[in-house]
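The values are calculated or read from the model by the stated rules, or taken from the named source; none is laboratory data. Fair warning: this is a prediction, and the values are worked out from it, not measured in the lab. Note that we place each Cβ from the backbone using ideal geometry, even for glycine, and neighbour counts take in every protein chain shown.
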Amino acid sequence: MCDARAVSARTVAIAQPSWLRLYGVALLMLAALLAVDVISAAGGLRTALEVTVALGGFGAMARWARRNRAALDLQDWCECASAKTVLRVIPSHRPFTATAPDPAAPPRRRYEDVEEEEGDPRLAPSFRR
């Protein structure tokens with residue numbers, strides 16, 4: 001935004017992306033792919049294992065990106081970013097749809113009133129009134 005070299009103190013205090021974890025996930029995926037390549041014979045099982053390991057690795061990388069999205073966003077912010085960032089608020093103009101209760105309708109009975117009237121035998125004696 002302002003000066004690419006100036007890093008906000010707030011940005012550093014909030015979070016830094018955990019790059020070491022991403023590298024660990026990538027190395028683990030590559031090691032697993034190498035192990036599948038060396039251990040298993042060619043065929044359908046090997047292909048299935050390779051696909052499973054690759055999808056698992058890319059899923060773990062996507063999870064890392066999701067967990068670090070705020071840190072990745074704040075990584076390039078400078079001190080004056082909050083003064084230069086424009087936030088647009090769009091108000092919602094929904095019509096009020098709540099209706100008043102119908103005075104002619106019979107009143108709703110409470111759950112306790114129904115239990116008292118029916119004398120539910122499943123209730124313990126301490127809960128009966």
Filtered residues of the stretch 66-80 (kept if among the charged types (D, E, K, R) and either part of a loop (DSSP other than H, G, I, E, B) or modelled with pLDDT under 75 (or both)):
Asp76, Glu79
Is it the case, given these coordinates, that Ala83 is farther than 21 Å from Leu22 by Cβ, assigned to a helix (DSSP H, G or I) and of a type in the set (Gly, Ala, Ser)?
yes
Which of (1) exposed (fewer than 12 other Cβ atoms within 10 Å of the Cβ); (2) at pLDDT below 90 is the odd one out, the single condition Val51 does not satisfy?
(2)
Criterion first (modelled with pLDDT under 75 and either within 30 Å of Leu30 (Cα to Cα) or not in a helix (DSSP H, G or I) (or both)) does Arg63 satisfy it?
no
Within the stretch 1-48, take every residue that is of a type in the set (Ser, Thr, Tyr) and either assigned to a loop (DSSP other than H, G, I, E, B) or within 30 Å of Cys80 (Cβ to Cβ) (or both) and give me the one that is modelled with the lowest pLDDT.
Thr11
